[in-house]
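The values are calculated or read from the model by the stated rules, or taken from the named source; none is laboratory data. Remember, it's a predicted structure, so these values are computed and weren't measured experimentally. Quick reminder, even Gly has a Cβ in these numbers, built from the backbone with ideal geometry, and neighbours come from all protein chains shown.
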Amino acid sequence: MAAISITNLTRAFKGSLAVRGIDLEIADGDFCVLLGPSGCGKTTLLRMIAGLLEPTSGTIELDGKDITDLASKKRDIAMVFQSYALYPHLTVHRNLEFPLSQARRADGSRPSREESRARIREVAASLEIDHLLERRPKELSGGQRQRVAVGRALVREPKAFLMDEPLSNLDAALRTQTRQELTGLHRRLGSTFVYVTHDQVEAMTMATRIVVLNNGAIEQAGTPLEVYDTPASTFVATFIGSPAMNLLPAQITTADGAVRAHGGSFSADLWPGSTPDADVLLGARPEHLRILEPGEAAPAVSFPLQVSNAEQLGHETIVYGHTPGAEVCVRRSRCAGVEPGDTVQLGLDLRHLHVFDRETGRRMEWIPDSPDPETVADPAPSAALPARGEGAALPARAGAEAPVA
Ligand SMILES: Nc1ncnc2c1ncn2[C@@H]1O[C@H](COP(=O)(O)OP(=O)(O)O)[C@@H](O)[C@H]1O
Ligand SMILES: [Mg+2]
């Protein structure tokens, strides 16, 4: 059992805040990924959980017990560093033995020599490094060193594993393989993992829960698909997903009983109802924009794209271009016939449209006065969707949206 509960955690370095008042619940057995750009405070947060760095304020609990002031050694948490932190002069076996020699059981006793050896063999076999036990770190490849580092964390059977960008020194192929090994390990052990990375692919593929950090604070927390499908802000929308979500500046107004969006190259009726005028960014993922065939009926949002480049990736094509007000990128399955210099018409279904407040960057939700969520996605002519009072209009609703933590 290892649930980690973090309350109002802050860390300042010489007056500037690296971590600003973070509240976070990590459930027992979670694979929680702390994701964000370099310098956003991931390592600082992880080191505070590990007990390697003192918080400026706030508390950390492990299974309901306040461990904020508990020494790192006594936390029953193991950390794997980006640098692996192996002892260069010791063999793999001795490197794996070291944490065991430091470990004490609840009754204060230490594992016997035989117990240590058996445990090291077991861990080495599970990580497929049992044939390397007599080598020193410099005689290992990057991937092998990485496994020894994970092994050092594993031998102690800690309550939780903390990992700080453990794959960043590996080449692409090995990273993909090690990702799968780590998720397999997590499934087998069922322990709590807290994993730091700036790589959204690692986060999407390994996490049960992603916590997106920006400038020392949480932008959004949720399952990988929650943060992908309903990003809470333009920061999350553009950080997760590659190529990034397209953002088109637009203004929303009410016209003839409908919420209408005007952009540099389009005007679209979004939903029946009314809204105060607002400056927004309309978000569209590259895979949701469609290149319309000549004569094809246009969906809700449609605008021209002047193609500047088409990247052929074999299994898919990424088309880049310009529309008044924005640079736009479209992802489609392998296609021929779109060339730089062409102008094509793009279409987007309403169910794939994201709306963000242009000033705050926060997500806005259209809440129609209808119990049927389907009608939001695709309002049928028969479905009357008056906004639920004044407060339900997009801008007011957006103001009420707090970051999801
Ligand atoms: N020991 C330190 N002294 C001063 N500033 C630090 C120290 N450690 C981190 N910082 C600052 O805190 C911020 C967050 O750093 P860090 O947690 O390492 O970010 P990340 O791991 O997300 O790249 C950065 O601005 C960094 O410069
Ligand atoms: Mg870091």
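Among the residues of the stretch 143-150, is any assigned by TED's automatic domain parsing to the domain that holds residue 100, part of a loop (DSSP other than H, G, I, E, B) and at pLDDT below 90? Don't jump to the end; show me each part of the working.
First, the residues of the stretch 143-150 that are assigned by TED's automatic domain parsing to the domain that holds residue 100: 143-150.
Add one more test, that the residue is part of a loop (DSSP other than H, G, I, E, B), and what stays is none.
Checked against the condition, which is being assigned by TED's automatic domain parsing to the domain that holds residue 100, part of a loop (DSSP other than H, G, I, E, B) and at pLDDT below 90, the stretch 143-150 yields no hits at all.
Of the strands (runs of 3 or more DSSP E) lying entirely inside the stretch 196-260, those containing at least 1 residues that are farther than 20 Å from residue 27 by Cβ, in contact (Cβ under 8 Å) with a residue 24 or more places away in the chain and in the same structural domain as residue 365 (by TED's automatic domain parsing) span 246-255.
Per-residue answers, yes or no, for (1) in contact with a Pro (Cβ under 6 Å, 6 or more places away or on another chain); (2) crowded, with 18+ Cβ neighbours inside 10 Å; (3) over 30 Å from residue 367 (Cα atoms):
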residue	(1), (2), (3)
264	yes, no, no
268	no, yes, no
276	yes, no, no
283	no, yes, no
294	no, no, yes
312	no, no, yes
321	no, yes, yes
325	yes, no, no
334	no, no, yes
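The single residue among 196, 227 that is at negative phi and within 16 Å of ligand 1 (Cβ to nearest atom) turns out to be 196. The set of residues in the stretch 106-139 being surrounded by fewer than 17 Cβ atoms within 10 Å (Cβ to Cβ) and in a helix (DSSP H, G or I) consists of 113, 114, 115, 117, 118, 121, 122, 125, 130, 131, 138, 139.
Scanning the stretch 33-52 for residues that are more than 12 Å from ligand 2 (Cβ to nearest atom) and surrounded by fewer than 22 Cβ atoms within 10 Å (Cβ to Cβ) yields 50, 51, 52.
Scanning the stretch 54-93 for residues that are among the hydrophobic types (A, V, I, L, M, F, W, C), modelled with pLDDT of 90 or more and surrounded by fewer than 18 Cβ atoms within 10 Å (Cβ to Cβ) yields a count of 3. Among the residues of the stretch 157-172, those identified as within 13 Å of ligand 1 (Cβ to nearest atom) and not in a loop (DSSP other than H, G, I, E, B) are 162, 163, 164.
Can you tell me which residues in the stretch 324-382 are at pLDDT 85 or above, farther than 20 Å from residue 251 by Cα and of a type outside the set (Lys, Arg)? First the steps, then the outcome.
If we filter the stretch 324-382 for residues that are at pLDDT 85 or above, which is where we start, we get 324-333, 338-365.
Now drop any that are not farther than 20 Å from residue 251 by Cα, which leaves 329-333, 338-345.
Correct list: 329, 330, 333, 338, 339, 340, 341, 342, 343, 344, 345.
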